[in-house]
1. Looking only at the range 123-137, which residues are in contact (Cβ under 8 Å) with a residue 40 or more places away in the chain and under 12 Å from the mean Cα position of the chain (by Cα)?
2. Any residue that is surrounded by fewer than 16 Cβ atoms within 10 Å (Cβ to Cβ), within 20 Å of residue 7 (Cα to Cα), out of contact with any Gly (no Cβ under 9 Å at 6 or more places or on another chain) and hydrophobic (A, V, I, L, M, F, W, C) - is there at least one of those in the range 81-92?
3. Give the residues of the range 27-57 that are touching a residue at least 60 places away in the same chain (Cβ under 8 Å) and assigned to a loop (DSSP other than H, G, I, E, B), sorted by residue number.
4. Across the range 114-132, which residue is surrounded by the fewest Cβ atoms within 10 Å (Cβ to Cβ) among those that are of a type in the set (A, V, I, L, M) and at pLDDT 85 or above?
5. Condition first: of a type in the set (Ser, Thr, Tyr) and modelled with pLDDT of 95 or more. Can you find one or more residues in the range 45-63 that meet it?
6. Which condition does residue 120 not pass, out of (1) among the hydroxyl-bearing types (Ser, Thr, Tyr); (2) farther than 18 Å from residue 42 by Cα; (3) within 15 Å of the chain's Cα centre (by Cα), if it passes all the others?
Amino acid sequence: MKPLFVLLIVYVALLAFGSHTSFDKGNIFAGNMAMSVMLLFTAIGHFKFKTSMAAMVPLFIPKKVEIVVFTGVLEIVFAIGLSIEATRFYTGVALITFLLAILPANIYAAKHRINYEDLYKPGPGPKYLWFRIPFQLFLIGWTWYFSIR
């Protein structure tokens, strides 16, 4: 839920700030910068909560902590790529692929009640998927709209 708030607040703030200054770079800029800030926000979690997030990776996959750290680095790379107009399209395609690829980990985490912030507390469980799956689709749509189309 926090990433959604970050995304929307940054987007609205950039639009509002831009409309009252000479900094108005438009809707596409605001959408990509909002996604970039959200990705930087979520990347922090990959480093701060790496042990708990590693539990989201299914048991049969080795090097869980390394995967979590790597995906955090990827999110930083995506944030940078969306910020550069020349790389935005390809970054958007890669980000959509990434968002689709990580959805099974989110489903696994919900099924096993994994709390990515605190491994010793149970997560919300399968009911979380009622938010997570639509949110993931929203992020895919957002990326397509602002970065690819």
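The values are calculated or read from the model by the stated rules, or taken from the named source; none is laboratory data. Note that the structure is predicted; figures quoted are calculated from it, not measured. Neighbour counts are summed over all protein chains in view; Cβ atoms, including those assigned to glycine, are modelled from backbone coordinates with ideal geometry.
1. Residues of the range 123-137 that are in contact (Cβ under 8 Å) with a residue 40 or more places away in the chain, as a first pass: 131, 135.
Within the range 123-137, just 135 meets the criteria.
2. Yes.
3. 49, 55, 56, listed by residue number.
4. Of the residues in the range 114-132, the ones of a type in the set (A, V, I, L, M) are 114, 119, 129.
Imposing the further condition that a residue be at pLDDT 85 or above reduces the set to 114, 129.
Values: 114: 24, 129: 18.
Here the answer is 129.
5. Start the filter on the range 45-63 by keeping residues that are of a type in the set (Ser, Thr, Tyr), which leaves 51-52.
Checking which are modelled with pLDDT of 95 or more leaves us with none.
Scanning the range 45-63, I find no residue that is of a type in the set (Ser, Thr, Tyr) and modelled with pLDDT of 95 or more, so the answer is no.
6. (3)
Residues checked against (1) without any contact (Cβ under 8 Å) to a residue 60 or more places away in the chain; (2) in contact with a His (Cβ under 7 Å, 6 or more places away or on another chain); (3) closer than 29 Å to residue 145 by Cα; (4) not polar (S, T, N, Q):
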residue	(1), (2), (3), (4)
62	yes, no, no, yes
68	yes, yes, yes, yes
74	yes, no, yes, yes
78	yes, no, yes, yes
83	yes, no, yes, no
101	yes, no, yes, yes
109	yes, no, yes, yes
112	yes, no, no, yes
